[in-house]
Each structure stands twice: as structure tokens, then as C-alpha cells.
Amino acid sequence: MIKMPSIKVLYVDDEPYNLESFRAMFRRQYEIFTASSAMEAYDILEKTEVHVIVSDQKMPDITGVEFFKSLKEKYPDPLRILVTGFVDVQVLADAINHGDIYHYITKPWNDLDLKQSIANAYEAYAARASLKEKVISLQRSNDELNRFVYSISHELRAPLTSAIGIINLIKLEDLYHSSGSYWELMETCIKDLDYYINNILDYYKNSRFEAERENIDFQALVDRLISIHKKSDLDVKFFTDIVQENTFFGDKFRTELIFSNLISNAIRYQNPEETDKKVDVLIRVNAKEALINIVDNGVGIPKEIHDKIFNQFFRGQSEKGTGLGLFILKEALSKLNGSITVDSLPKAGSRFIVRLPNNV
Amino acid sequence: MVSKFNQPQSIMLIDDNKVALLLCRKIIEKVNIFDEIISFQNPIYAIRHLQALEANKDLLPDIILLDLQMPEMDGFEFLDHFKNIQKEYRQNSHILILTSSIDENDAEKIRKQKIVHKLLDKPLMLDTIISIINELYPSFEYPLRGYKGTL
């Protein structure tokens, strides 16, 4: 027979006779500890991790309920069973309602009842303990995942940014066209990879973190994002027209994510033959909402696929991109209760209109 | 804060990654105004170097470009050590953080550091560093301003 883990039960009663009979009764099933006063009980609890505590209600220095109450802070785990000869319903009801006791047994106890009660208490104890363990292990794997994502964002991106830096130097030194279109192809690959990594990180963060309420200055936010994104195609000219009449409160991370995606798409889907590549960012902010227009004169989107572009892994024919950008954008928008519409004609360009509620 | 010296002469580059450090140096060389470019792969040596300058009452670099994630001592720890240098020696050094991490927590932590002039993302672009130098040293011109092409 497999040896069961030993269940430790502490019985507190000022009557030595009761302690003896309790021990005699249960010593075969449980590891029994007895105490004739609260003080003695504290000593035992200090040294031993007890699973179930049974206490008499009527003791000279302290009542069973008071004794249990005194344990809740320091020893919240053991389940508490009260044995009581008289029934003061109010005291009992309070104790149960406050979670001070798990069960109560009337005195003189019925052996079978008490046995069953202790068994149930231990079961509840074990269930709680295993739940606690699971929460801790879940917490641990969450932390690990966060650290993993953080290190990916750095370790993967660090060499990539170096590679982009090298291409940048090649351009500065006029060597970009020195090997046919090889450097250009290399640049495309590197940028796709960079874009993909950023997409994955954005998706992860968007799905994990709750929306916050922060003060957003659209001019500063857009200027910063443009300065980051325009590096990927220096030919594209940006024009901003931002009027912010009211303070805007919203989630900064997701708002940035939305702009980032729209701006990088506006650059990505430029028409290569266009000599005057441009992107307009128009924003009007009032007390109710931010109305955002991002307009480009790029390749445009055929009407038939306007509905599909927000689907996961859907990509335009140009085979650029990961098919994640607009999907993530839509997910982020739904967390902010915002909306997006698109108006586009092939070869003429696209206009994305986003509305974000102002959480003043 | 505008430097009382109107021309930046020395710059210190700190990055544990050899390639990133070299690239950064290349860009700085192209700016073509610094007499001295000192680079460190290990921030601990960079701090020692700065402490030695302070002890000899020498001028500290005008600009320090600092990476964030580094083993042994990261950018934040570097800043803590840097703050221990006497103010009269360090106040003319402008610190720029250069990072490939887009972590929002890091960005937030950097914004709280008053001694950091700007947070830049990698790779360092020639235009970016030029406009920052223009901003920090408004009265200094050489060709700088919008400077394009090789000299």
C-alpha cells in the first residue's frame, strides 16, 4: 500500500481528558498534536506546518472563535474546525461568515462526524495548496515569458539595427549601387525581418496588457514616429496638420501602435514610379474624440479587398509585409473602442480614417 | 542646456557590441568635427576613464553616446556612476542614449533621467546626430547645419 502523506491535525482543548480521547481516536489516521491552551498551540504552530486545527470553543483564557481569529493573519492556511457544546448562533454565524472557521461540530462529538469533517477539511486544504502552487507556477512562467520577449526585442533587434546601420553607411559612401541591386535586396530582407519582429512584439503586448489612461500629445507622438519611420524611405515626404483643442486621454502604447502601423504602411505601399511620394497626417482632437486621417499617394487598395485587409495574415498582392500589421491595429482599436475605415483607389492612394474616443 | 564652449571637440562612444560601436564611430567620423573619438566596449572602463579625467582636472568629453543593455554594467548603472562625478566637471557633457530596444519601460526610465539629453534609436543616422549637435551648440557652424556629402 502506498503511504499517504501524513496529515497533521492539532487539537486544542483545556480538558486533558478530551485531548487524550481525541488522540486515541485519530492517532492511527493522522499525526496528532494536542495543546491545552492557545499559548501551547501557538508554540506548536510555530514549529510545525499543521493542516487542520480543531479547537474547543469554551476555554478559560480565550474562546475557540477568538483563538481562530488570532491565527488568520499569521497562519491562514490550516483549516479550522470548532467544537462547541452550546450554540450561540450569533457568534457562530459571524465566525462562519468571516471565514474564521471551516466547520463546526457539536459536543459531545460523534466520532464519525468529526472524522468526516477532518477528512473534508484536509481535502479543502490540499485543493487550496495545489491551486496556490499553480498560481505561483503560472506567475513564474508569465515572468519568464515577459523576460523572454524583452530579450528577444533586444537580442534580435540589436544585430538587425547594426545591419541597417551598415546599409546606411554604404549609402553615405555611395556604394549602394556598386553591386547591381544586391544591397537593395539585402536591405529589403533586413527591413522585412525588423518589421516582422516588431509586429510580433506589438501583438504580444497588445494582447497582454490592459489599456491605460494617459495624457497624449498628438503632435509630439506623430513627430516622433515619423522620425523613426522615415528612415526606411527617405524619399517619402511627410506633412502634418494637427489641431488639438483639448487634452486627450487614452492608451499611449496602443495609440502609438496604430499610428506606427498606418505610417509604416503608407511608406511601404508607395508607388515606386511616383516622383513625389507623400504622406499626410491630419488630426483633429476635441473633447469627444480624436479624428485621424492618414493619406498617401501610394499603390492603393482594390475595392474588393477593403474588407479583408484587417484579417490576420492577409497580405496585399505586393507580397510585402507580414499580414499582421492591420490585424494588430484592429485588435488594438477594439481595446480602445475606436474605429477605422478605409477609402482607397488603386494607383491613386489610400486614406485611412481612425476615430479614437477621448477618455477625459 | 547650451554648452559654454561653443564647439564640441571630443566624443565618447560606449557599446558592448563591437559592430555597433564601429558603425557609430564611422558615422561620427563623417560628422567631421571631433578632434577626439574615444570608444569603449566596456562601460566600466569608460567610467574609470572619466574618473581619471576628473582627478586630473581635465575636460570630460562633450558628448557621450551610451548603449543601454550591456553585460556587467548597463546604461542605467553607468548613469549612476556618472552622477558621482563632480558637477563642475560633468555639466558640459551631453549624454545621448542609443538603443535598439523599443521597451516602453526603459524609455520611461530614461525620460526621468535629467542628465540624459535624448533617447535615440539605433542605428545612429548622420542627419540625426548633426541636428542634435546644431541644437546643442547653436552658435557653432563649420559646415554642419544641414551638411550633406563628404568633406
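Tallying residues that are over 23 Å from A:L160 (Cα atoms) and either touching a Gly at 6+ places or on another chain (Cβ under 6 Å) or surrounded by 16 or more Cβ atoms within 10 Å (Cβ to Cβ) (or both) within segment B:110-124 yields 3.
Has segment B:54-67 got at least one residue that is within 14 Å of chain A (Cβ to nearest Cβ) and within 13 Å of the chain's Cα centre (by Cα)? Yes: segment B:54-67 contains one or more residues that are within 14 Å of chain A (Cβ to nearest Cβ) and within 13 Å of the chain's Cα centre (by Cα). Say we look at segment A:215-227 and pick out the residues that are polar (S, T, N, Q) and at pLDDT 90 or above; which of these is surrounded by the fewest Cβ atoms within 10 Å (Cβ to Cβ)? Out of the qualifying residues, it is A:N215. Selection within segment B:92-107: residues that are over 14 Å from the mean Cα position of the chain (by Cα) and not in a helix (DSSP H, G or I). The member of this set that is modelled with the lowest pLDDT is B:I102. Could you tell me how many of the residues in segment A:148-198 are under 14 Å from B:P123 (Cα atoms), within 8 Å of chain B (Cβ to nearest Cβ) and not aliphatic (A, V, I, L, M)? Looking only at that region, the number is 7.
Residues considered: A:K205, A:K230. Of these, the only one that is in contact with a strand residue (DSSP E or B) (Cβ under 8 Å, 6 or more places away or on another chain), modelled with pLDDT under 85, surrounded by 12 or more Cβ atoms within 10 Å (Cβ to Cβ) and within 12 Å of another protein chain (Cβ to nearest Cβ) is A:K230. Filtering segment B:91-105 to residues that are surrounded by 21 or more Cβ atoms within 10 Å (Cβ to Cβ) and within 20 Å of A:K231 (Cβ to Cβ) leaves B:I97, B:L98, B:T99, B:S100, B:S101. Taken over segment B:108-137, residues that are within 17 Å of A:K230 (Cβ to Cβ), in a helix (DSSP H, G or I) and in contact (Cβ under 8 Å) with a residue 40 or more places away in the chain amount to 3. Among what's in segment B:125-139 and is closer than 14 Å to B:I63 by Cα and not β-branched (V, I, T), pick the residue that is surrounded by the fewest Cβ atoms within 10 Å (Cβ to Cβ). That would be B:E135. A count restricted to segment A:75-86 and to residues that are surrounded by 12 or more Cβ atoms within 10 Å (Cβ to Cβ) and either without any contact (Cβ under 8 Å) to a residue 24 or more places away in the chain or of a type in the set (A, V, I, L, M) (or both) stands at 4.
In this structure, A:I309 qualifies as over 24 Å from A:T240 (Cα atoms) and either surrounded by 19 or more Cβ atoms within 10 Å (Cβ to Cβ) or assigned by TED's automatic domain parsing to the domain that holds A:I228 (or both).
Taking the conditions exactly as written (under 19 Å from A:L225 (Cβ atoms) and assigned by TED's automatic domain parsing to the domain that holds A:Q244), does A:L345 satisfy them or not? Criteria not met by A:L345. Name the single residue, out of those in segment B:5-19 being out of contact with any strand residue (DSSP E or B) (no Cβ under 7 Å at 6 or more places or on another chain) and under 18 Å from B:D121 (Cα atoms), that is farthest from the other protein chains (Cβ to nearest Cβ). Applying the filter and picking the extreme gives B:K18. Among the residues of segment A:238-266, those that are assigned to a helix (DSSP H, G or I) and either surrounded by fewer than 21 Cβ atoms within 10 Å (Cβ to Cβ) or among the small types (G, A, S) (or both) comprise A:K252, A:F253, A:E256, A:S260, A:S264, A:A266.
The values are calculated or read from the model by the stated rules, or taken from the named source; none is laboratory data. Here the structure is a predicted model, which is why all the values come from computation and not from measurement. Glycine gets a Cβ as well: all are built from the backbone with ideal geometry, and neighbour counts include every protein chain shown.
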